[in-house]
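Report on the structure given below.
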Amino acid sequence: MKVKVIVTPKETVLDPQGAAVREAMQHLGFTAARDVRIGRYLEIEVEGDAAAQEPKLRELCHDLLSNPVIEDYRLEMPNEKS
Amino acid sequence: MSTVTSSPQPLDPPITSELIAKHGLTPDEFERIKKILGRAPNFTELGIFSVMWSEHCSYKNSRKELKKFPTSGPNILVRAGEENAGVVDIGDGWAVAFKIESHNHPSAIEPFQGAATGVGGIIRDIFTMGARPEFLLNSLRFGPITGEGKNVTANRRLFTGVIAGIAHYGNCIGVPTIGGEIYFDESFEGNPLVNVFCLGVLQHEQLARGAARGVGNPVFYVGAETGRDGLAGAAFASRELTEESREDRPAVQVGDPFKEKLLLEACLELLATDAVAGIQDMGAAGLTCSTCETASRGGTGVEIDLAKVPKRETGMTPYETLLSESQERMLIIAHRGKEDVVRRIFDKWDVPCAEIGRVTDDGMMRVLNNGSIAAEIPAKPLADEAPLYSREARKPTTDYTDEDLLREISASSAKSVVESLRRLLRDPSIASKNWVYRQYDHMVRTGTVVRPGSDAAVFHLRAANKFLAATTDCNSLYCRLDPREGGRIAVAEAARNLTCSGAVPLAVTDNLNFGNPYKPENFWQLREAVEGLAEACRAFATPVIGGNVSLYNESPAGVVDPTPTVAMVGLIEREEWITTQFFKAAGDVVILLGDFGDEMGGTHFLKVIHGRKAGRPPRLDFERELALQKALRELIQAGQVQSAHDCSEGGLAVALAEACFHPAGLLGAEIDLSGAGGLRLDQILFNESQSRVVISTVPTSADGVMGLLKERGVPAQRLGRVGGDALAITVGEEKLRWPIREIFDDWFHSIGAIVRES
């Protein structure tokens, strides 16, 4: 089963990479670009019952896949859609 | 206008005693605020006082001590405390601005960004003065990284994170990191010290001031947009780190070195015009601090409108906007009529720029928000009249055992000196820091003459055609055992390092890293160390031109060893006087300036080999030290010195080994220490008595050198010759031998191996 993890910079934290991309968009004439935030997207193939692995997956999201000081993560289990 | 009371914002919480305490203000301080305002403050004003009167901004617990430093001298152009950084004349119309600053607390929470924004902050301090940043140094302390366990893993994470953060910011903005120091000790577990230093060069007439002068002049906000990052970081840095600090995490700021590079170029271009009346960076306490400090220095008032401040996020309250510590921002007071010059330059560099207010004549810092007054405070009392405290000082009970120490260490210690030297060379505090400085771009802009790894870094200021030497020094262990002597030695060692490089010391910037000042033992350490530094700065005629105080350096594990870091800059008059610590050619004669020494207290040998942080640290004799440095400079200037290396941690044996490690090719040495007579072998090799330098000289100069030293009253010992493939030391009957390749590998690869292991 495929588990998805989306890591984004915290809302209050500056994202220099996103800001640079936004400015590039504006230079290219897309002036409607108000804000760009750049994160990471991971797909993890999990064997067996993914739901049973959720606590471990959350721990990994917190300790390894994201830097909780400046990033938020969202763990998407196969049967949920948000 | 000043009779209008500021109106509370709709969502402000009521001012309760809990809220006041949460802002780190005492009931007495709150009364003082009411007296200054003539009324109770609103929430925004409470926040403003909270950050301005935090230790980080007001030095309320340390300022009385800082007054003990010598701050003036014939070549000092801007003195400590006058501006963002001190400025020193280096001749021919040129000057240097330099300063050291700590970013300990942010680095403890988020090592990469904490260290990176520390670098960004100190670079801004320098170009605010109108100087072009030329190079960086950093002085770092971490918990132990060798061994196993949760704490060691955490220490390694902090160590590698901080190094990566410094490298990231410095490399991206294109300012070389050319030297510094790193030590590892249990006391820094969970509370690393990250002290960053920057030096910039300017012509005298380029000097910029941080004062809001000229009533009616426009006030510009330039640089990155304001977000909610680093909210109230200055207040955060003025507390002890506890388990709950992890929950304070939104305080972390993220730096953008590319933005700062644009800001730097734009500011320097603008400062070269006649458009600027005053300039101030927004560091700790951001917009608040820069506004009230410029007004206070100018003897004026400033009125700004928060609605005009460029913002990254929506719905920011005045409280958040004023206290935000977003990076890469500056406040500029332009001359009236020059607004277009400012706009044109910042537009060219693609840096946001907004006119947010003007200079007034009523001495008030007035903050408007959409037409209403969000805060209105007399600027001078806010900026300069924070309460000053003299805390209770108590001498801690010491664990001196002095001569007993040697007896305690079994006599077998003397028999294992061969292995002891290898262990010392592998110890991360002594081992080569190449794993670290290889990550730094230490050559960018090609001004670096002596690269990291020698006693002091040497840099060519191409614009001014001057050679500078710079170093940071502090032995925290000495300071723990005797803060006054430790402070004196920190200054002496810095001066000695510069002298070994061929330089004449000019001035000092210091970074005082101590624990919670409300604990009497901590305050006693602070006072003793400051007095020690002050004595030594007088003795070496190196005034303190600025610096930083970082208190509350404690973690659940305890308080850090007191660390008054000394960064010293010296001038090398002629290129050919530049000297490094490495032996140059086989056959050269090795001479020890100073005595063999015998002091074992507080040595690295005791700490690393015997696990003891104890004893009375070595004593420093100013007269002796000054005579030695003067004679050494005389010899260097006469072209008689091939290499010069001072004896510090690890004593004479480590100094000799390090002198063998020339980056271009290892050289052994045959040394005879029989003259030390009567002492135990471990004592001869590893004592850390002060005022000692190992030099080498060509054989034909040796007699002349010995003669001159005798004339100058400087004790000197002829130790042997450079050459061979081993460091061979003879003491009477005892013949010790370390193959040079082996001990070089111990020393050179130690830190890299430790980091790779994890």
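The values are calculated or read from the model by the stated rules, or taken from the named source; none is laboratory data. What you see is a predicted model; the values in this text were computed from it and never measured. As a convention, Cβ positions derive from the backbone with ideal geometry for all residues, glycine included, and neighbour counts pool all protein chains shown.
With the structure loaded, tell me whether B:A507 is in a loop (DSSP other than H, G, I, E, B) and of a type in the set (A, V, I, L, M) or whether it fails that test. Even if it seems obvious, please write down each step before you answer.
Working: in a loop (DSSP other than H, G, I, E, B): no; of a type in the set (A, V, I, L, M): yes.
Considered against the rule, which asks whether it is in a loop (DSSP other than H, G, I, E, B) and of a type in the set (A, V, I, L, M), B:A507 comes out as no.
Among the residues of the range B:99-123, how many are out of contact with any Pro (no Cβ under 9 Å at 6 or more places or on another chain), of a type outside the set (A, V, I, L, M) and either within 14 Å of chain A (Cβ to nearest Cβ) or part of a helix (DSSP H, G or I) (or both)? If you could, list the steps in order and put the result at the bottom.
Initial filter on the range B:99-123 (out of contact with any Pro (no Cβ under 9 Å at 6 or more places or on another chain)): B:99-103, B:105-106, B:109-110, B:112, B:121.
Still in the list and also of a type outside the set (A, V, I, L, M): B:99, B:101-103, B:105-106, B:110, B:112, B:121.
Applying the additional criterion that residues be either within 14 Å of chain A (Cβ to nearest Cβ) or part of a helix (DSSP H, G or I) (or both) yields B:105-106, B:110, B:112, B:121.
The qualifying residues number 5.
Answer yes or no as to whether B:A534 is touching a strand residue (DSSP E or B) at 6+ places or on another chain (Cβ under 7 Å), at pLDDT 95 or above and either part of a strand (DSSP E or B) or not basic (K, R) (or both).
Details: touching a strand residue (DSSP E or B) at 6+ places or on another chain (Cβ under 7 Å): no; at pLDDT 95 or above: yes; either part of a strand (DSSP E or B) or not basic (K, R) (or both): yes.
Against the criterion (touching a strand residue (DSSP E or B) at 6+ places or on another chain (Cβ under 7 Å), at pLDDT 95 or above and either part of a strand (DSSP E or B) or not basic (K, R) (or both)), B:A534 does not qualify.
When you go through (1) surrounded by fewer than 17 Cβ atoms within 10 Å (Cβ to Cβ); (2) under 25 Å from the mean Cα position of the chain (by Cα); (3) not basic (K, R) one by one for B:D274, which number turns out not to apply?
In the conditions (1) surrounded by fewer than 17 Cβ atoms within 10 Å (Cβ to Cβ); (2) under 25 Å from the mean Cα position of the chain (by Cα); (3) not basic (K, R), B:D274 misses (2) alone.
With the requirement that a residue be among the acidic types (D, E) and outside the structural domain of B:V491 (by TED's automatic domain parsing), what does the range B:39-89 give you? I'd like the intermediate steps shown before the answer.
Within the range B:39-89, the subset among the acidic types (D, E) is B:45, B:55, B:65, B:82-83, B:89.
Scanning the range B:39-89 gives B:E45, B:E55, B:E65.
If a residue has to be modelled with pLDDT of 95 or more and surrounded by fewer than 24 Cβ atoms within 10 Å (Cβ to Cβ) to count, how many in the range B:190-214 make the cut?
Residues flagged as modelled with pLDDT of 95 or more and surrounded by fewer than 24 Cβ atoms within 10 Å (Cβ to Cβ) within the range B:190-214 amount to 2.
Hey, could you check the range B:310-325 for residues that are under 33 Å from the mean Cα position of the chain (by Cα) and more than 15 Å from B:I48 (Cβ to Cβ) and say which is nearest to the other protein chains (Cβ to nearest Cβ)?
Residues of the range B:310-325 that are under 33 Å from the mean Cα position of the chain (by Cα), as a first pass: B:310-312, B:319-325.
Subsequent filtering for residues that are more than 15 Å from B:I48 (Cβ to Cβ) retains B:310-312.
On the way: B:P310: 12, B:K311: 12, B:R312: 7 Å.
This residue is B:R312.
Would you kindly identify the strands (runs of 3 or more DSSP E) lying entirely within the range B:558-648 that contain at least 2 residues that are within 27 Å of the chain's Cα centre (by Cα)? Lay out the reasoning, then the answer.
Details: elements: B:563-572, B:589-593, B:643-646.
Here the list reads B:563-572, B:643-646.
Kindly indicate whether B:D510 is of a type in the set (D, E, K, R), crowded, with 24+ Cβ neighbours inside 10 Å and under 29 Å from B:L571 (Cβ atoms). Outline the logic, then answer.
Working: of a type in the set (D, E, K, R): yes; crowded, with 24+ Cβ neighbours inside 10 Å: yes; under 29 Å from B:L571 (Cβ atoms): yes.
Judged against the criteria, B:D510 is a match.
Enumerate the strands (runs of 3 or more DSSP E) found wholly within chain A, keeping only those where 3 or more residues are within 14 Å of chain B (Cβ to nearest Cβ), touching a Cys at 6+ places or on another chain (Cβ under 7 Å) and crowded, with 17+ Cβ neighbours inside 10 Å. Even if it seems obvious, please write down each step before you answer.
Numbers: elements: A:2-9, A:40-45, A:71-76.
Once the strands (runs of 3 or more DSSP E) in chain A are filtered for at least 3 residues that are within 14 Å of chain B (Cβ to nearest Cβ), touching a Cys at 6+ places or on another chain (Cβ under 7 Å) and crowded, with 17+ Cβ neighbours inside 10 Å, nothing remains.
Output the qualifying pairs, or none if there are none: Cβ atoms under 6 angstrom, residues six or more apart or on different chains, first residue in the range B:134-145 and aromatic (F, W, Y), second residue part of a strand (DSSP E or B) and at pLDDT 95 or above.
Cβ pairs passing all conditions: B:F135/B:I178; B:F135/B:L199; B:F135/B:F459; B:F142/B:F184.
In the range B:307-340, what residues are of a type in the set (V, I, T) and assigned to a helix (DSSP H, G or I)?
Within the range B:307-340, the first condition is being of a type in the set (V, I, T), and the residues that meet it are B:309, B:314, B:317, B:321, B:332-333.
Selection gives B:T321 alone.
Determine, yes or no, whether B:D350 is within 14 Å of chain A (Cβ to nearest Cβ) and outside any strand (DSSP E or B).
Working: within 14 Å of chain A (Cβ to nearest Cβ): yes; outside any strand (DSSP E or B): yes.
When the stated conditions are applied, B:D350 passes them.
Do the conditions hold for B:G675, that is, is it among the small types (G, A, S), in contact (Cβ under 8 Å) with a residue 60 or more places away in the chain and surrounded by fewer than 21 Cβ atoms within 10 Å (Cβ to Cβ)?
Details: among the small types (G, A, S): yes; in contact (Cβ under 8 Å) with a residue 60 or more places away in the chain: yes; surrounded by fewer than 21 Cβ atoms within 10 Å (Cβ to Cβ): yes.
Yes, satisfied.
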